[in-house]
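Here the structure comes first, spelled out in structure tokens, and everything after it is commentary.
The values are calculated or read from the model by the stated rules, or taken from the named source; none is laboratory data. No experiment lies behind these values; they were computed from the predicted model shown. Note: ideal-geometry Cβ built from the backbone for every residue, glycine included; neighbour counts use all protein chains shown.
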Amino acid sequence: MITNIYKTLNYLAWPVLRALPTLRLRDGKEIKGRTSERFGIPSTSRPDKKVIWFHAASNGETLSAIPLIHSFLEKNSDLHILITTMTVTAAHLIEQRFGNHEHLTHQFIPYDHPSWVKRFHNHWKPDMAIWVESELWPNHLNKLKENNTPSVLVNARLSDKSVKRWFWVNHFFKSMMSCFDIILAQTDRDLNNLNILGLNNVQSIGNLKDLASALPFDPVAADDIRPIIDARTSILFASTHDPEESIARDIHVELKKKHPDLLTIIIPRHPKRGEDIVNSLNTSDLNIARRSLRMSPRTNTDIYVADTLGEMGLFYDLCPIVFVGNSLGTKPGGGHNLMEPAWFNCAIISGEDLHNFSVLADEMPQQNACLIAKNKNELLNKFNSLINNENLKNELLINARKYVSQKQSSGLNAILNAIDPTCKKAKIL
């Protein structure tokens, strides 16, 4: 019944869905010439070989999928990877990481309208599907089930709040999820929540995000600003959300009393906030520069707002002390991936709100691979300690790199072993 209601609502929403890509194009949320992909109209032909369809909604899910994609491409040169995303930034990430790879095609996922879903599946006819994390489109999943497509859900998440919501439509949820041969949960908590809703094909063997390789960056761009950053006491606030930028400003003001050469770099999670951030931080006492305006840090720059896309790896490479945001007084909070700076020999600090990364939140502090700050004053003190104590900083960054290396060496094989039966069913490997 609920399935029929959902389909009916999609049919009724046809005029809105049809207009949506045009509206999104104005905001830079679509790519000109590719909006027809939202209606299941392909922009390229299907290759005459086995196709694995990966769906990863945005940047985080896409980064998680990359190690698996590389593994499949290395094991079987006669495969083709179709990867769909919802966001333009994820599309750019795919282009950045794979270029014009002859065995990989990116498409934007069609909206979940039955007719557009049918058109998409009839064209691509995936031999296997791998969906990443928790963006679930009922009509797409139902089509996988109708076509008996071997399918896997990896890095599945289900919060306690979501369990309560899905509980009232449990039959619909179980029917939708029945398309998956196996579900790999991010954590034991996610495993338990999926079990509560009656799913019994779930395993918890680790977080796919732990397997991502080091973020790429432009070495020429790094060399351009490295002399200034190396010559100064530099700290980085990465992937910040409001109010973490104002916290960064307040900490900068206090630390500068003891470290007059201090340079604070802020990378907002959403670069479009750059202008608003600068306006909110700007005072007559602070010299603030914006990277999106092609400004570089100078000897007198106090705060450098790096409001550009795709340069996180660049600044992780340049800055030895890093705070990772969305973890200190933000809403909804939950943190960001602490593994990313660990690759770059960074001494890492996070706020205590890491509910999206509960395993890292438990393991990394226990192994002295990161520090946790409960509030602004604690964060100030931890920055000051790491600036003043080279041994403490080095111990922290060595432990972080050791942690990420151990995770990578064991995690990918475990995930590949878990989905191997589905790959054999699809005659992929």
### Query
In segment 270-301, which residue that is part of a loop (DSSP other than H, G, I, E, B) and of a type in the set (G, A, S) is nearest to the chain's Cα centre (by Cα)?
S296
### Query
Can you spot a residue in segment 27-35 that is of a type in the set (V, I, T), more than 25 Å from the chain's Cα centre (by Cα) and surrounded by fewer than 19 Cβ atoms within 10 Å (Cβ to Cβ)?
no
### Message
Let me confirm something: among G60, G40, which residue is crowded, with 16+ Cβ neighbours inside 10 Å and on the phi > 0 side of the Ramachandran plot?
### Response
G40
### Query
Can you tell me which residues in segment 289-311 are within 26 Å of N59 (Cβ to Cβ), surrounded by 13 or more Cβ atoms within 10 Å (Cβ to Cβ) and not hydroxyl-bearing (S, T, Y)?
A289, R290, R291, M295, P297, I303, V305, A306, D307, L309, G310, E311
### Query
Which ones in segment 24-51 are out of contact with any Asp or Glu (no Cβ under 7 Å at 6 or more places or on another chain), outside any loop (DSSP other than H, G, I, E, B) and closer than 19 Å to W124 by Cβ?
T35, S36, E37, R38, F39
#### Entry: Within segment 84-109, considering residues that are among the aliphatic types (A, V, I, L, M) and touching a residue at least 40 places away in the same chain (Cβ under 8 Å), the one nearest to T422 (Cα to Cα)
I109
### Task
Could you tell me whether P341 is free of Cβ contacts under 8 Å to residues at least 12 places away in the same chain, outside the structural domain of H92 (by TED's automatic domain parsing) and farther than 14 Å from S234 by Cα?
no
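Okay, residues lined up against (1) under 23 Å from W53 (Cα atoms); (2) hydroxyl-bearing (S, T, Y):
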position: R157; (1), (2): yes, no
position: W168; (1), (2): no, no
position: S178; (1), (2): yes, yes
position: I183; (1), (2): yes, no
position: T187; (1), (2): no, yes
position: N195; (1), (2): no, no
position: G206; (1), (2): yes, no
#### Entry: Listing of strands (runs of 3 or more DSSP E) fully contained in segment 80-163 that carry 1 or more residues being over 30 Å from L12 (Cα atoms) and of a type in the set (V, I, T)
104-108, 151-156
### Message
For segment 383-429: of the residues being basic (K, R) and within 24 Å of the chain's Cα centre (by Cα), which is surrounded by the most Cβ atoms within 10 Å (Cβ to Cβ)?
### Response
K407
### Message
Show the residue pairs meeting these rules: Cβ distance below 6 Å; 6+ apart or different chains; first residue within segment 116-136 and within 14 Å of I52 (Cβ to Cβ); second residue assigned to a helix (DSSP H, G or I) and among the acidic types (D, E).
### Response
V132/E61
### Summary
Considering residues that are among the small types (G, A, S), free of Cβ contacts under 8 Å to residues at least 60 places away in the same chain and under 17 Å from R232 (Cβ atoms), the number found within segment 284-321 is 2
### Summary
So, first residue closer than 23 Å to S77 by Cβ and assigned by TED's automatic domain parsing to the domain that holds L73 in segment 37-53, second residue of a type in the set (D, E) and assigned to a loop (DSSP other than H, G, I, E, B), Cβ within less than 6 Å, six or more apart or across chains; the pairs are K49/D78; K50/D127; V51/D127
### Summary
Counting only residues that are buried (at least 20 other Cβ atoms within 10 Å of the Cβ) and not β-branched (V, I, T), segment 167-191 contains a total of 10
### Query
Just checking, which of F54, F72 is part of a strand (DSSP E or B) and over 13 Å from the mean Cα position of the chain (by Cα)?
F54
#### Entry: Filter result for I81 (in contact with a helix residue (DSSP H, G or I) (Cβ under 7 Å, 6 or more places away or on another chain), β-branched (V, I, T) and in contact (Cβ under 8 Å) with a residue 12 or more places away in the chain)
yes
### Residue list for segment 117-159, filter: of a type in the set (D, E, K, R), closer than 20 Å to L211 by Cα and either surrounded by 19 or more Cβ atoms within 10 Å (Cβ to Cβ) or at pLDDT 95 or above (or both)
E133
